[in-house]
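The values are calculated or read from the model by the stated rules, or taken from the named source; none is laboratory data. Please read all numbers here as calculations on a predicted model, not as lab measurements. Using ideal geometry, Cβ is built from the backbone for each residue, glycine included, and neighbour counts are taken over all protein chains shown. Note: accessible area is taken over every heavy atom of the protein model, side chains too, but ligands, DNA and RNA are not part of it. Shrake-Rupley method; radii C 1.70, N 1.55, O 1.52, S 1.80 Å.
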Amino acid sequence: SGDDPSADAWNLLESELALFAVKRMTGLVAVHAASIALDDKVVMVPGRSGAGKSTLSVAAADAGASVLSDEFTMVDPATGLITGWPRPVRMKHEGRIDRLHLATTSEPLPVTLLAFVVHEEGAENRWSEIPQAEALVELLNHTITTRTRPDDTFDAALGVVRSSLAISGVRGEAPGAVASLFRLLAESTP
């Protein structure tokens with residue numbers, strides 16, 4: 001409050017307004033997930049705040065991929081196709097938040113790889129394929145409208161899971177994880 005709010009206050013306001021908006025959307029279902037496209041194949045990385053979605057998004061952009069979103073991915077419950085939430089990627093750096101304009105728009109795309117991976121400092125990439133039923137439950141845990149729009153949310157999550165290979169586990173540093181995820185993406189059929 002006051003005449004000169006801090007950068008932290010503005011960032012908090014932006015986050016709260018975005019959450020307010022996605023909770024009240026109709027039609028599309030919001031998932032707390034980064035989405036990255038490479039050659040019309042999409043890897044979706046659901047995760048809570050602090051899981052490393054933004055860091056992974058920056059590394060993917062550095063590797064030549066298109067960042068559709070680092071925060072919210074929109075799913076059409078009728079088709080299971082996704083679009084991003086093209087806002088600046090926010091990276092914490094030396095006590096401030098840098099806003100990187102990396103997110104791009106695309107036509108709706110199917111998810112090829114659903115990656116439930118969490119960053120663990122100093123770790124090697126350790127993930128494995130998970131069954132569709134487990135992926136569905138995990139994805140529902142990251143949707144924003146599970147309680148307010150359960151039918152649409154379930155349909156959206158089911159559409160994503162049906163089109164994708166799902167993995168779960170730990171990832172190491174972002175550049176190496178991106179390279180490994182892109183290899184899986186290239187091996188997966190759309």
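For segment 162-190, what are the residues that are part of a helix (DSSP H, G or I), open to solvent by 10 Å² or more (accessible area, probe 1.4 Å) and touching a residue at least 60 places away in the same chain (Cβ under 8 Å)?
Within segment 162-190, 162, 163, 175, 179, 182, 184, 186 meet the criteria.
Got a number for residues in segment 130-161 being surrounded by fewer than 20 Cβ atoms within 10 Å (Cβ to Cβ), in contact with a Pro (Cβ under 9 Å, 6 or more places away or on another chain) and assigned to a helix (DSSP H, G or I)?
Of the residues in segment 130-161, 5 are surrounded by fewer than 20 Cβ atoms within 10 Å (Cβ to Cβ), in contact with a Pro (Cβ under 9 Å, 6 or more places away or on another chain) and assigned to a helix (DSSP H, G or I).
Quick one: residue 38 ticks every box in (1) modelled with pLDDT of 95 or more; (2) more than 11 Å from the chain's Cα centre (by Cα) except a single one, so which number is it?
Answer for residue 38: the failing condition is (1).
Residues checked against (1) modelled with pLDDT of 95 or more; (2) assigned to a loop (DSSP other than H, G, I, E, B); (3) touching a helix residue (DSSP H, G or I) at 6+ places or on another chain (Cβ under 6 Å); (4) under 21 Å from residue 155 (Cα atoms):
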position: 48; (1), (2), (3), (4): no, yes, no, no
position: 58; (1), (2), (3), (4): no, no, no, no
position: 78; (1), (2), (3), (4): yes, yes, no, yes
position: 85; (1), (2), (3), (4): no, yes, no, yes
position: 99; (1), (2), (3), (4): no, no, no, no
position: 118; (1), (2), (3), (4): no, no, no, no
